[in-house]
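Contents: one structure, followed by commentary.
The values are calculated or read from the model by the stated rules, or taken from the named source; none is laboratory data. Note that the coordinates shown come from a computational prediction; the quantities given were computed from them, not determined experimentally. Because the Cβ atoms are built from the backbone with ideal geometry, glycine has one as well, and the counts that use them run over all protein chains shown.
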Amino acid sequence: MALILNIETTSTNCSVSLSQEGEILVLKEDYNNQYSHAESLHVFIDELFKAANISPETIDAVAVSKGPGSYTGLRIGVSAAKGLCFALDKPLLAVSTLEALSHQVNNIEGKIVAMLDARRMEVYSAVFDSSHHQIRDIKAEVIDENSFSEYLQAGNVYFIGSGVDKAKTIITHPKAVFIENKLPSAKQMAKLAQSKFIKNDFEDVAYFEPYYLKDFILNRGV
């Protein structure tokens, strides 16, 4: 009965959950447009354990959303996850941020584009089929009116994530469906983390690094 703490800090949503056998027991998140991770993350984790009436020592693993996403958010989330793993002597699981995000889109026919804002006209994105299998590598790309045209020509494409606000102003194809106001959440991490736990797909706590995708540039402010 694997009990896993899930941590998601790759966007403005500071989100944590406790899951057992892939099912959410408690979820705590701050779903807004401000970065509050440094102030909120450890408070949320403490509140999570209190709400579940569970001691941190009883968890079986810590899962962290590995990116891509906000450079600062990733560092905060991974640092917290590593600290807990060292302190509690628990294994570390790393879950793909965009894969977890794609799981917010269900019961559709077509493709899913999970995308996160990378500032200016750039996004971090990956493409998934309706069963959430990744069919295109993660890319940092500048979007224009022709972006994802090969998928749009074949059928409906569902866009989700913080990159949607910019994408919907540029991509005008009639098969484009924009799912607004959705961010990565620790809720969708549960089943993915459970799958990795069963496979013993653990990370090296000492050497694990987030998937930044791009080098941090100070004037980008992410």
Given (1) of a type outside the set (A, V, I, L, M); (2) touching an Asp or Glu at 6+ places or on another chain (Cβ under 8 Å); (3) not in a strand (DSSP E or B), index of the condition residue 83 fails:
(2)
Only residues that are touching a residue at least 24 places away in the same chain (Cβ under 8 Å) and assigned to a helix (DSSP H, G or I): list them for the stretch 36-55, please.
37, 38, 40, 41, 42, 44, 45, 48, 49, 51, 52
Boolean, residue 8 is surrounded by fewer than 16 Cβ atoms within 10 Å (Cβ to Cβ), modelled with pLDDT of 90 or more, within 26 Å of residue 198 (Cα to Cα) and not small (Gly, Ala, Ser)
no
Residue count, the stretch 11-51 (criterion: surrounded by 15 or more Cβ atoms within 10 Å (Cβ to Cβ) and not basic (Lys, Arg))
27
Yes or no: the stretch 146-157 includes at least one residue that is part of a strand (DSSP E or B), modelled with pLDDT of 95 or more, surrounded by 12 or more Cβ atoms within 10 Å (Cβ to Cβ) and on the phi < 0 side of the Ramachandran plot.
yes
When you go through 50, 82, 66, 111 one by one, which is the residue that is over 20 Å from residue 19 (Cβ atoms) and either outside the structural domain of residue 27 (by TED's automatic domain parsing) or not hydrophobic (A, V, I, L, M, F, W, C) (or both)?
111
Output for the stretch 98-141, where each listed residue is within 13 Å of residue 182 (Cα to Cα) and outside any strand (DSSP E or B)
98, 100, 101, 102, 103, 104, 105
In the stretch 131-145, how many are of a type in the set (Gly, Ala, Ser) and surrounded by fewer than 11 Cβ atoms within 10 Å (Cβ to Cβ)?
1
Among what's in the stretch 182-222 and is modelled with pLDDT under 95 and of a type in the set (A, V, I, L, M, F, W, C), pick the residue that is nearest to the chain's Cα centre (by Cα).
213
